[in-house]
Amino acid sequence: MENKPKKTIGLLLISNGLYDQFLQPLITSVDTHFFKDDSIIIYLFGDKDYYQLKLPSRISLIVIPTKRQPWPASTLFRYRFFVNAKDKMSPCDVLVYSDVDMIMVGDITDEVLFKDGKEVNVAVTRHPGFYNNSEWGSQNVHRASNAYLEDNEKERYVAGGFNLGKRDSFLEMSRILA
């Protein structure tokens, strides 16, 4: 069995208002299924002064105060949050963004950073609502919108709720998307 060097994984979460109820179930699932041989730093962008969470020993928490704004501001500005906090993420080898209202139900390993046997810099998730469906994304996007995709580009439609990459590549992607 090959000994892989341990990595530090930065898990980026945004939790404002009532979304705090999803934190503990997500953290529990992360401990069970997420990069099990590596250490995890959760970067929690939140609006509370204090979070009472049970953290396993391999998971640490850094709270980055984020002013609560009405929906959908937090999701629209997520990449700005990440870019503004990039200096705090220097210990991480890999950065992962997950919507806070998700849980991990199967093992996620560094295999997600490989495609066809080659390491990738950034990995995205096919949108689950359109994964096995002939339809894709919103059919009501105006052609002038940056979100518009031609029919021959529909395989590029991905979910925003889970993406990851090597730290520098992820932060470059975040800079572009911000």
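Miscellaneous remarks
- Hits in segment 168-178 - residues which are closer than 18 Å to Asp99 by Cα and in a helix (DSSP H, G or I): Phe170, Leu171, Met173, Ser174, Leu177
- Selection of segment 54-77 for residues being out of contact with any strand residue (DSSP E or B) (no Cβ under 7 Å at 6 or more places or on another chain), surrounded by fewer than 16 Cβ atoms within 10 Å (Cβ to Cβ) and not in a helix (DSSP H, G or I) yields Lys54, Pro56, Ser57, Pro65, Lys67, Arg68, Gln69, Pro70, Trp71, Pro72.
- If you go through segment 82-121 and keep only what is farther than 13 Å from Leu26 by Cα, part of a loop (DSSP other than H, G, I, E, B) and either modelled with pLDDT of 95 or more or open to solvent by 60 Å² or more (accessible area, probe 1.4 Å) (or both), you end up with Ala85, Ser90, Pro91, Cys92, Asp93, Asp107, Asp116, Gly117, Asn121.
- Checking each residue in segment 1-29 for being open to solvent by 50 Å² or more (accessible area, probe 1.4 Å) and not acidic (Asp, Glu) picks out Met1, Asn3, Lys4, Pro5, Lys6, Leu18, Tyr19, Gln21, Phe22, Gln24, Pro25, Thr28.
The values are calculated or read from the model by the stated rules, or taken from the named source; none is laboratory data. Just so it is clear, the model here is predicted, and its values are computed rather than measured. Note that each Cβ is placed from the backbone with ideal geometry, even for glycine, and that neighbours are counted across all protein chains shown. All accessible areas refer to the heavy atoms of the entire protein, side chains included, with ligands and DNA or RNA removed. Shrake-Rupley method; radii C 1.70, N 1.55, O 1.52, S 1.80 Å.
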